[in-house]
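*Asks:* Pasting in a structure now, in structure tokens, and then I'll have a few things to ask.
The values are calculated or read from the model by the stated rules, or taken from the named source; none is laboratory data. Quick caveat, the model's predicted, so the values are computed rather than measured. For neighbour counting, all protein chains shown are included, and Cβ atoms are generated from backbone atoms with ideal geometry for every residue, glycine included.
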Ligand SMILES: [Ca+2]
Ligand SMILES: [Ca+2]
């Protein structure tokens, strides 16, 4: 089964890349790719994946099954390699050696894969939530019922205790999980298929 594009963020993409052996995580999360006719016919459902970012395999993330209408709803990822590196004066060097655009530092998104672009921030861009510890986290983590800031301040000023109930299922991705090898025609875009 495929992974849905909806909810597929840098967090999930990093985990997918760690899983594939790319220790510096993902380069881009969305890129259009071509998929064979045969696969299109078989894909009426996809898995919505939600990761925390600390996982080393997608199998450790939370899955929700969804219907899909089009192969354009499917997620893909390009993992980071040094070759993909475009060194400029504008780039930010992560602790793990990866380079990301400077503008992606302190935006709440773990672009480095090791979170180093979101540490020691004086403020956060793009409405990301600024923890007292100096870490930027995605704004959707504020008041989501889980402590994301070490200091807990993302959950300390929340109105009400209601957490949206969602139907979740944990899929065992270890069985029958198959990644198309990078040598395939769509070399850059890896499709995740169960
Ligand atoms: Ca970032
Ligand atoms: Ca939270």
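*Asks:* Determine whether residue 110 is under 23 Å from residue 27 (Cβ atoms) and either surrounded by 12 or more Cβ atoms within 10 Å (Cβ to Cβ) or within 16 Å of ligand 1 (Cβ to nearest atom) (or both).
*Replies:* Against the criterion (under 23 Å from residue 27 (Cβ atoms) and either surrounded by 12 or more Cβ atoms within 10 Å (Cβ to Cβ) or within 16 Å of ligand 1 (Cβ to nearest atom) (or both)), residue 110 qualifies.
*Asks:* Do we have residue 121 as within 13 Å of ligand 1 (Cβ to nearest atom), within 30 Å of residue 81 (Cβ to Cβ), over 17 Å from the mean Cα position of the chain (by Cα) and surrounded by 15 or more Cβ atoms within 10 Å (Cβ to Cβ) here?
*Replies:* The answer is yes for residue 121.
*Asks:* Please verify whether residue 53 is within 16 Å of ligand 2 (Cβ to nearest atom) and at pLDDT below 90, treating the condition exactly as stated.
*Replies:* When the stated conditions are applied, residue 53 passes them.
*Asks:* I would also like to ask the following. Do we have residue 136 as within 16 Å of ligand 2 (Cβ to nearest atom), over 24 Å from residue 47 (Cα atoms) and surrounded by fewer than 21 Cβ atoms within 10 Å (Cβ to Cβ) here?
*Replies:* Answer is no for this residue.
*Asks:* Given the structure, is residue 89 surrounded by fewer than 17 Cβ atoms within 10 Å (Cβ to Cβ) and either modelled with pLDDT of 90 or more or out of contact with any strand residue (DSSP E or B) (no Cβ under 9 Å at 6 or more places or on another chain) (or both)?
*Replies:* Working: surrounded by fewer than 17 Cβ atoms within 10 Å (Cβ to Cβ): yes; either modelled with pLDDT of 90 or more or out of contact with any strand residue (DSSP E or B) (no Cβ under 9 Å at 6 or more places or on another chain) (or both): yes.
So residue 89 fits the description; yes.
*Asks:* Considering every residue within the range 75-83, establish whether at least one is without any contact (Cβ under 8 Å) to a residue 40 or more places away in the chain and not in a loop (DSSP other than H, G, I, E, B).
*Replies:* Yes; the residues of the range 75-83 include at least one that is without any contact (Cβ under 8 Å) to a residue 40 or more places away in the chain and not in a loop (DSSP other than H, G, I, E, B).
*Asks:* Separate question: Among 113, 108, 152, 145, which is the only one that is part of a loop (DSSP other than H, G, I, E, B) and touching a residue at least 60 places away in the same chain (Cβ under 8 Å)?
*Replies:* On inspection, the qualifying residue turns out to be 113.
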